[in-house]
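Take a look at the structure below.
The values are calculated or read from the model by the stated rules, or taken from the named source; none is laboratory data. Remember, predicted model here, so these are calculated numbers, not experimental data. Glycine gets a Cβ as well: all are built from the backbone with ideal geometry, and neighbour counts include every protein chain shown.
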Amino acid sequence: MWSSDASQNLILSQSTADVTATLICPTPDGGFYVSWLDGAKGYSLYLQRLDVNGNAMWERNGKLIYQRDVHSTIGYGLSIDSDGNAIIGIDSGIAALHAPGGPVLAFKVSPTGELLWGAAGITLSPPDEVVSVVLCCGTSDRGAVFIWGKVEQEDLIRMTKLDSAGNQLWSTNVARDTPDANLTPTNIVASDDGSVIYAFVHAIDKMTGTYHSVLAQKLAAADGANLWGDTPVTVVDSSVATAVTLPMGEVPTLIPDGAGGAVFGYPLIDTIQRIYVQHVNSTGLPVYAPNGVLVSGNSSDASAARFGFEPRSGRLYIAWNANYTGISGVRAQCIDNAGARLWDETGVVLAAYEPLALMAPVAMLPVTDGVMAAWIQQPPQAAFLPQPLRVSMLDPSGAQVWQNPVVDIKTSATNTTDNAVGALSTTGYGAFAWTSDDYTVRAQNINPDGTLGVAP
């Protein structure tokens, strides 16, 4: 059950070694699926379902979904289909080498914990293929789409769709092939009528990995055909002429706009690193200027941005780390559907600048009349402890809503707050999951009024 004490958060799993890669996904009943990888068990995949009150519905320490024995990890995907089942895409691992990679596996898990596509899942790629990342999303027609990159062929991305029974709908895996560049899939989300929108990073210079552009495409439900033309939509044109590039290792954010299009958020580097956003409509046309709208006119380096989109109002909320040569803080901004900055030129302050501190935004969770902003604040100490997880509620004008403007939902003085993620319940409260240095997976909720625990 959700704790009402920020020093005694809900423990989902206790391991004996590193736990990592937490993901969270809301369920139709107001609860959540939470997944993680357990390093004490070869980074095997575990999943837990929480009901609306934060009660764990499956076995203690989570349900083992896929057992493997690898010594490191790559990205995997957690989503939900239109029937409320969890959808997971993950690499199988290379058993002989104890390494990540190997073929792609797809799992579907019912709300009762049944493995609907079998205990071994469904293998989507050839047995000798080594993949670099696996992403997935449930679709509005009860299906699921999976996307992955290949280690040995970095200029190729593949995608496929399964129906609710696990049958492959796209007779051949849809491929995005660009021989002159490295391609990395970064996001995939469900869109209208069973379609999906995916984004990928395009490294123009294969030798140096520089000039990273961001491109996107929308695929038809029935056969995976391109809906935005033969050439993907350019979200970021990272060429010499524009003198900007997506920083190496950064992953752009992709959020469906609820009308067949999507909004994107990403950092770009020119003289300093700044945060930008773009909106692509249902026909594949960028709404804002090339390379998007600058989130802040502030002259600090901006990083670790988190984004949230409210489709009814068209407001896009952003929180980011602002850094002036070791002086760090957290700021937030709101962009309207015309691309205008609503919270002054430089945004509002969530966490004041502090020398040598580390500030890490976790999530921006839009609600009906504003947004829940969450971040981790690490003080300037050698061990960087404690690491409180903090939440504020802002209204559409950027003003604080709660009488206590900042609420700490994790206050342990001895445990780290790693791999933190957040999501909004279908009933309107926020929930967060993270891992700690004591090898636990933990979770905590916060209600729209700023209280913790089960709402009365």
Would you be able to say whether some residue in the range 52-63 is among the basic types (Lys, Arg) and assigned to a loop (DSSP other than H, G, I, E, B)? yes
Considering LEU12, LEU78, LEU50, which residue is closer than 17 Å to TRP148 by Cβ and modelled with pLDDT of 95 or more? LEU78
What is the number of the single condition among (1) part of a strand (DSSP E or B); (2) surrounded by fewer than 20 Cβ atoms within 10 Å (Cβ to Cβ); (3) polar (S, T, N, Q) that ASN337 does not meet? (1)
Could you look through the range 65-100, keep only residues that are within 16 Å of ILE24 (Cα to Cα) and hydrophobic (A, V, I, L, M, F, W, C), and pick out the one that is farthest from the chain's Cα centre (by Cα)? ILE65
Take the residues of the range 70-129 that are under 24 Å from VAL189 (Cβ atoms) and out of contact with any strand residue (DSSP E or B) (no Cβ under 7 Å at 6 or more places or on another chain): which is surrounded by the most Cβ atoms within 10 Å (Cβ to Cβ)? GLY84
Do any residues in the range 403-431 that are in contact (Cβ under 8 Å) with a residue 60 or more places away in the chain and over 22 Å from PRO366 (Cβ atoms) have Cβ atoms under 7 Å from those of residues that are of a type in the set (Val, Ile, Thr) and outside any loop (DSSP other than H, G, I, E, B), where the two are at least six apart or on different chains, and which pairs are they? ASP418/THR435; ASN419/THR20; ASN419/THR22; ASN419/THR435
Per the filter on the range 135-153, residues more than 17 Å from GLY166 (Cα to Cα) and not basic (Lys, Arg) are TRP148, GLY149, VAL151, GLU152, GLN153
Across the range 270-321, the tally of residues that are part of a loop (DSSP other than H, G, I, E, B), among the polar types (S, T, N, Q) and buried (at least 18 other Cβ atoms within 10 Å of the Cβ) stands at 4
Looking at the range 270-288, I want the residues that are modelled with pLDDT of 95 or more and have a partner that is surrounded by fewer than 18 Cβ atoms within 10 Å (Cβ to Cβ) and charged (D, E, K, R) with Cβ atoms under 6 Å, at least 6 apart or on another chain. Which pairs are those? none
Restricting to the range 216-246, give me the number of residues that are on the phi < 0 side of the Ramachandran plot and either surrounded by 21 or more Cβ atoms within 10 Å (Cβ to Cβ) or at pLDDT below 90 (or both). 18
Please give the number of the condition PRO103 fails out of (1) within 21 Å of the chain's Cα centre (by Cα); (2) more than 22 Å from TYR439 (Cα to Cα). (1)
The conditions are (1) small (Gly, Ala, Ser); (2) over 16 Å from TRP434 (Cβ atoms); (3) within 21 Å of the chain's Cα centre (by Cα), and ALA40 fails exactly one of them. Which is it? (3)
Kindly indicate which of GLN381, GLN387 is part of a loop (DSSP other than H, G, I, E, B), out of contact with any strand residue (DSSP E or B) (no Cβ under 9 Å at 6 or more places or on another chain) and modelled with pLDDT under 95. GLN381
